[in-house]
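Each remark here refers to the structure printed beneath this line.
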Amino acid sequence: MRFILLIALMVGIISSQSSGNLSVSGVAVYKSGVVIEKANVILMDTTEKVIARSITSKKFMKRYGGGQFAFNNVMPGKYKLRIITGEDIDINHSFTLSDKSIELGTLYPFKEFPDYALSDYADSTLVLMRRIATNPVSGDTINIRHIIVDLDGIAQTVIVDSIINNNVFYTDVDHIKQDTMALDTIYYIYNDYGIFIHQSRSLKDRMKELQRRDGYLIFNNGDTLEFDNIFFEPAMNNPEVATFHLADTTGRPVYHSIFNIYKVRTGPSYVENSVKKGFWNGVYTIGAIVGFQIITKKSFSPVLQLIPDMKPPIQGNYGTVITILPVFTLGRIAYDWYKDKRSNYLFPSNEDNPFPQNMFVFSFSEWVWKKSQPIIQPIINSKIIKWWKGRKLRKVQKQAAKRKSASD
């Protein structure tokens, strides 16, 4: 009997010693993946009473290892671990130690997501935007729809599925059929909540040309409003238009929803834009003529002939420049007046009422870019260009591989 009691006592002593020899270890790492060296590590119980302290290790030869910590002779139980990172967020980790040592692995600093409880709240959703009137009124029960307006002002009520490779894939809500439409023919796309999902370059150019000009607005309900200055909010979510009026001595702007505006017609200040375009049209024309002469003659003498020598009698072909620029400028003013470029139509009042004129705005740079695609695309897709574009990615991958090998 005494022998059995002696054996039981020895087993209890050995088990108590083994339970006290448990260890906790891990590696502290920043969010970027870089190990944290010489950081204070605090081991606490569930009441955050400090049990032990340690410091993370340094890198060997400034390259290998680092960030490791360990606590020995830890009793089983529930613990909290805190690592002081020196940043806004420290590493906090909770764990349970049972009957064997534990390896916590790699610990990162992160902010715990707060517990979320369902509760009553007020719906802050904006009021649905005015849908463009249809004839007859569509009887579908879809909650959110999209309105596609092309450059001619023809509107369609659809459900946009996706926009891929300069094409819009959508489902017609009236006939429940799928179709596609080229982005080049679309003025803009927005949904019932007044959020644009696409604005064409033509629309953006028109709003840019209208900025800070005088004129008047025509709303979809038929009202008109004169203004002395106008500003378009550069936003995709419920953008507003601010108008300023000299008659208002306070100088405060009046805000309007862009979705309520049918037409914006600028005042005489639009001539500035016509003069600017006419001047550059003349410059481009002269440049093309001189460039052609340089190629045919294989000499830069045509450029020198355009520069007057400034000695009497003044000689040179500078008269060409003096003549072409004013002619192109006056011609541009007359063209804009004939085409009524001062009128800018924004939102149609009805699906069946298109704009009186097409809203496309020509862009020489865009035209050159599209025409040069057969030449540019093979160059962009060449192995040399792809290798050059991927140099940063290769550098990041190489650094990641070094960090991984160092941590291993």
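The values are calculated or read from the model by the stated rules, or taken from the named source; none is laboratory data. Note that the coordinates shown come from a computational prediction; the quantities given were computed from them, not determined experimentally. Cβ atoms come from the backbone with ideal geometry, glycine included; neighbour counts cover every protein chain shown.
Structure notes:
- Filter result (surrounded by fewer than 16 Cβ atoms within 10 Å (Cβ to Cβ) and in contact with a Lys or Arg (Cβ under 8 Å, 6 or more places away or on another chain)) within region 198-228: 216
- Among the residues examined, residue 262 does not qualify as in the same structural domain as residue 169 (by TED's automatic domain parsing), surrounded by 14 or more Cβ atoms within 10 Å (Cβ to Cβ) and within 24 Å of residue 144 (Cα to Cα).
- Verdict on residue 130 being at pLDDT below 90, farther than 20 Å from residue 366 by Cβ and of a type in the set (Lys, Arg): yes
- Looking only at residues in region 351-371 that are among the acidic types (Asp, Glu) and part of a loop (DSSP other than H, G, I, E, B), the one that is nearest to residue 206 (Cα to Cα) is 351.
- Considering residues of region 328-372 that are among the charged types (D, E, K, R) and exposed (fewer than 15 other Cβ atoms within 10 Å of the Cβ) only, the residue modelled with the lowest pLDDT: 352
- Selection count where residues are more than 15 Å from residue 204 (Cβ to Cβ) and surrounded by 14 or more Cβ atoms within 10 Å (Cβ to Cβ), scope region 231-241: 2
- Counted as qualifying within region 193-298 are the strands (runs of 3 or more DSSP E) with 3 or more residues that are without any contact (Cβ under 8 Å) to a residue 60 or more places away in the chain, namely 196-199, 215-219, 224-227, 229-232, 240-244, 254-257.
- One residue stands out among those in region 48-73 that are touching a Lys or Arg at 6+ places or on another chain (Cβ under 9 Å), without any contact (Cβ under 8 Å) to a residue 40 or more places away in the chain and not acidic (Asp, Glu): the one that is farthest from residue 92 (Cα to Cα), which is 58.
- Residue satisfying condition, being assigned to a helix (DSSP H, G or I) and surrounded by fewer than 18 Cβ atoms within 10 Å (Cβ to Cβ), within set 184, 179: 184
- Conditions (1) touching a helix residue (DSSP H, G or I) at 6+ places or on another chain (Cβ under 8 Å); (2) loosely packed, with under 10 Cβ neighbours inside 10 Å: number failed by residue 375: (1)
- Residue match in region 340-350 (condition: without any contact (Cβ under 8 Å) to a residue 40 or more places away in the chain, outside the structural domain of residue 154 (by TED's automatic domain parsing) and under 30 Å from residue 61 (Cα atoms)): no
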